[in-house]
Amino acid sequence: MAVAINLSFEEMWEKIITCDPKYDGLFFTAVKTTKIYCRPSCRSRKPKKINVKFYHDIDEVEKAGFRACKRCQPEVEDSPQLGLVRDIIAFLVNQYNQKVELKDIANHVGVSSYYLERLFKKETLETPRSYLEKIRVDKASYLLTSTSRTNLEICLEVGFQSPSNFYKVFRRLKNCTPSEYRNMNLKNRM
């Protein structure tokens with residue numbers, strides 16, 4: 001059975017709109033009108049928001065009467081280690097606001113820290129730390145545009161230990177500061 005992740009409907013919707021492969025296997029997008037389900041990274045035409053339902057488990061979505069998309073093939077695992085990588089990613093998504101060290105992740109999935117980092121980098125082309133930073137910045141981006149919390153409150157809420165690190169990582173991943181990001185998105189909504 002899949003591990004449920006702590007993402008709201010709006011956050012999952014954002015992941016499918018951007019075709020974010022980081023969340024593949026953690027949830028599935030089911031379209032009520034076509035009775036098809038996809039990975040978050042599927043490049044097929046996006047459905048209307050009101051026709052979408054999200055599932056965390058592939059068996060659950062299939063029991064509900066949906067069939068797999070022929071384009072993204074969500075029922076096919078690309079690698080025998082994908083299940084372990086998916087567990088690591090689910091742990092990171094669920095623990096993003098905590099202080100997470102490599103040994104914590106390794107203990108959770110039952111492998112050595114060395115093996116975990118090597119396997120994760122082979123499968124995702126990045127380290128668990130850089131992946132966690134992307135998750136935190138994704139969450140911060142969502143909070144910047146959907147709440148009136150200060151940058152410092154958001155920084156601490158998404159798990160960064162210091163504002164300077166938050167600003168540095170945010171700028172590296174989004175090419176702007178958190179304040180600039182908030183202002184750009186507010187202008188786009190008007």
Worksheet item: If a residue has to be modelled with pLDDT under 85 and assigned to a helix (DSSP H, G or I) to count, how many in region 1-15 make the cut?
Response: 0
Worksheet item: Can you tell me which residue in region 130-145 is surrounded by the most Cβ atoms within 10 Å (Cβ to Cβ), limited to those that are of a type in the set (S, T, N, Q) and within 19 Å of residue 7 (Cα to Cα)?
Response: 141
Fill in: Verdict on residue 51 being open to solvent by 20 Å² or more (accessible area, probe 1.4 Å) and under 24 Å from residue 96 (Cβ atoms)
no
Fill in: Filtered residues of region 1-26 (kept if out of contact with any Lys or Arg (no Cβ under 8 Å at 6 or more places or on another chain), over 22 Å from residue 129 (Cβ atoms) and open to solvent by less than 30 Å² (accessible area, probe 1.4 Å))
12
Practice prompt. Identify all residues within region 136-171 that are on the phi < 0 side of the Ramachandran plot, among the small types (Gly, Ala, Ser) and not in a helix (DSSP H, G or I); write none if there are none.
Written response: 148, 162
Response to the item:
For helices (runs of 4 or more DSSP H) lying entirely in region 16-131, having 2 or more residues that are touching a helix residue (DSSP H, G or I) at 6+ places or on another chain (Cβ under 9 Å) picks out 82-95, 102-109, 113-124
Fill in: Residue, surrounded by the fewest Cβ atoms within 10 Å (Cβ to Cβ), within region 101-129, restricted to residues that are within 22 Å of residue 139 (Cβ to Cβ) and within 16 Å of the chain's Cα centre (by Cα)
125
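The values are calculated or read from the model by the stated rules, or taken from the named source; none is laboratory data. Keep in mind the model is a prediction, meaning the values are calculated, not measured. Note: ideal-geometry Cβ built from the backbone for every residue, glycine included; neighbour counts use all protein chains shown. Side chains included, ligands, DNA and RNA excluded: accessible areas come from the protein's heavy atoms. Shrake-Rupley method; radii C 1.70, N 1.55, O 1.52, S 1.80 Å.
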